[in-house]
Amino acid sequence: MSVKKYDTIVIGAGLVGLSVAYHLKKKNPDAKVLVIEKEKDVAKHQSGNNSGVMHSGIYYAPGSLKAKNCIAGYNSLIEFADEHQIPYELCGKIIVATTPTEVVKLNDIYERGINNGLQNLRKLSSLQEIQEIEPHCTGIKGIHVPQTGIIDYPKMAATLLSIYQNQYGGDTAFGERVIRIHNQNKGILVETDKHTYSASNMVSCAGLFSDRVANMTEQENDLRIIPFRGEYYKLSKEKEYLVKTLIYPVPDPSFPFLGVHFTRMIRGGVEAGPNAVLAFKREGYKFQDFNLKDTQETFSWPGFWKIAAKYGRTGLGEMYRSLSKAAFTKALQKLVPEIQESDLVPGGAGVRAQACDRNGKLIDDFDILKNNNIIHVRNAPSPAATSSLAIGKYIVNQLNEQEALV
Ligand SMILES: Cc1cc2nc3c(=O)[nH]c(=O)nc-3n(C[C@H](O)[C@H](O)[C@H](O)COP(=O)(O)OP(=O)(O)OC[C@H]3O[C@@H](n4cnc5c(N)ncnc54)[C@H](O)[C@@H]3O)c2cc1C
């Protein structure tokens, strides 16, 4: 059987993989590129099940990959969306402190935003100033972030695919799961459950399975994906007036999630969430979803038990909020006191691929591991949707550096 040969194989058709494929062809239209995706379509996991927010870059440590790629990605996203008619709106958001302790952390976030070069951030120094923007929100102090927006990420993914396939002639293999990779002198052999392909370069953007794909080529992959489900409620139609734009709490700086918030969605409606609940199945979108292998992999990772010891209380609280609508409502009432349990209808869920090391450190920054002609995106949590165009460009430059060395 003949093996089809490519210059580069990209694993995963989420926003990151699609952006890599798009940039490879944009840079060199003659390059032979193949995207392999186990699902039948794009954005079936994180890229299609998220909050739909274009993050401004306010939260991230200056100089980190997150800070650089979020801001560059945000600017590219706007350009791309304008050019290809992807619905988006720069509606702005507020971050609200409801306790004196949170006010201290809020000031740190403001300083970070300034250090990251964000313009026109505004401190909201009283309840009145908060309510001028969000009349039903409560809090002591806040920050208005005018850059934050909302966008249609599934449409963005579909557009990237369409340009890659139809304009640039890129190849795709949907419905094929990568099961083995052989890195040989002559090139890389990528085996799926249906075919085998060969390539000179490979980029893995496998999201929730990025560690398993990394283990196929790397002897010492010291990161494991711990899946955290984020569940949403929606505000009932009659109560959507309670939220005009986006309302966020002050996040716990030691925890890589932003806390339940309110997001107006570009396709209409207002979502409340997501929480962060340990998932017993990597692609498990419901509380009862369970997969033995996924769960064993979580529990057998030494770092997991260190996280459990460190964040046990927070984790149990999230689990409780997942089971108790009353508890979820209470968390939301901290920001919008008028919200009642009866105003919330069940929404969807997404599962975050959060990398964790052996010592129990939840990896905060993006992690992109390059080993000669193979690149693994091992950690691309939020804001990787916002950053996807910048991450793709960054990876293509990394691959070209390799070519230049050869
Ligand atoms: C609840 C939630 C809310 C979020 N909110 C935001 C937000 O508002 N703004 C923001 O910027 N970011 C947000 N994020 C983060 C963002 O969605 C992700 O960081 C981003 O989508 C990651 O894209 P990806 O391409 O790396 O992963 P994915 O979209 O998960 O894509 C990975 C792909 O790889 C495929 N794959 C895996 N293994 C294999 C294999 N062996 N063979 C073939 N294919 C394989 C999968 O099927 C999948 O399609 C959120 C995430 C979640 C979960």
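Of the residues making up the stretch 211-242, just one is away from the ligand (no atom under 16 Å from the Cβ), of a type in the set (A, V, I, L, M, F, W, C) and part of a helix (DSSP H, G or I), namely L242. Given the criteria in contact with a helix residue (DSSP H, G or I) (Cβ under 9 Å, 6 or more places away or on another chain) and assigned by TED's automatic domain parsing to the domain that holds Y110, does P249 qualify? Spelling it out, P249 is indeed in contact with a helix residue (DSSP H, G or I) (Cβ under 9 Å, 6 or more places away or on another chain) and assigned by TED's automatic domain parsing to the domain that holds Y110. Of all the residues in the stretch 38-53, those that are within 13 Å of the chain's Cα centre (by Cα) and more than 8 Å from the ligand (Cβ to nearest atom) number 0.
With a requirement of 3 or more residues that are away from the ligand (no atom under 14 Å from the Cβ), the strands (runs of 3 or more DSSP E) lying completely within the stretch 72-182 that satisfy it span 93-97, 122-124, 141-145.
Would you call S56 over 28 Å from S200 (Cβ atoms), in contact with a strand residue (DSSP E or B) (Cβ under 8 Å, 6 or more places away or on another chain), part of a loop (DSSP other than H, G, I, E, B) and more than 9 Å from the ligand (Cβ to nearest atom)? Steps first, please.
Numbers: over 28 Å from S200 (Cβ atoms): yes; in contact with a strand residue (DSSP E or B) (Cβ under 8 Å, 6 or more places away or on another chain): yes; part of a loop (DSSP other than H, G, I, E, B): yes; more than 9 Å from the ligand (Cβ to nearest atom): yes.
Taking the combined requirement at face value, the residue satisfies it.
Among residues of the stretch 81-106 that are modelled with pLDDT under 95, none has a beta-carbon under 6 Å from a residue that is among the polar types (S, T, N, Q) and assigned to a helix (DSSP H, G or I) at least six positions away or on a different chain.
Being of a type in the set (G, A, S), out of contact with any Lys or Arg (no Cβ under 8 Å at 6 or more places or on another chain), surrounded by fewer than 24 Cβ atoms within 10 Å (Cβ to Cβ) and closer than 22 Å to G273 by Cβ: is that true of G63 here? Reasoning before the result, please.
Values: of a type in the set (G, A, S): yes; out of contact with any Lys or Arg (no Cβ under 8 Å at 6 or more places or on another chain): yes; surrounded by fewer than 24 Cβ atoms within 10 Å (Cβ to Cβ): yes; closer than 22 Å to G273 by Cβ: no.
The answer is no for G63.
In the stretch 272-295, is there at least one residue being assigned to a helix (DSSP H, G or I), more than 11 Å from the ligand (Cβ to nearest atom) and surrounded by fewer than 16 Cβ atoms within 10 Å (Cβ to Cβ)? Yes, the conditions are met somewhere in the stretch 272-295.
Between G63, G73, which is at pLDDT below 95, more than 18 Å from F257 (Cα to Cα) and of a type outside the set (V, I, T)?
On the way: G73 fails: at pLDDT below 95.
Within the list G63, G73, the selection yields G63.
The listed residues are L34, L24, L15, and the only one of them that is near the ligand (Cβ under 9 Å from one of its atoms), touching a residue at least 12 places away in the same chain (Cβ under 8 Å) and either surrounded by fewer than 23 Cβ atoms within 10 Å (Cβ to Cβ) or under 15 Å from I163 (Cα atoms) (or both) turns out to be L15. All but one of (1) of a type outside the set (G, A, S); (2) in a helix (DSSP H, G or I); (3) away from the ligand (no atom under 13 Å from the Cβ); (4) crowded, with 20+ Cβ neighbours inside 10 Å hold for N201; which doesn't? Of everything listed in (1) of a type outside the set (G, A, S); (2) in a helix (DSSP H, G or I); (3) away from the ligand (no atom under 13 Å from the Cβ); (4) crowded, with 20+ Cβ neighbours inside 10 Å, N201 misses just condition (2).
The values are calculated or read from the model by the stated rules, or taken from the named source; none is laboratory data. All figures in this text were calculated on a predicted structure; none of them were measured in a lab. All Cβ positions, even for glycine, are placed from backbone atoms using ideal geometry, and neighbour counts span all protein chains on display.
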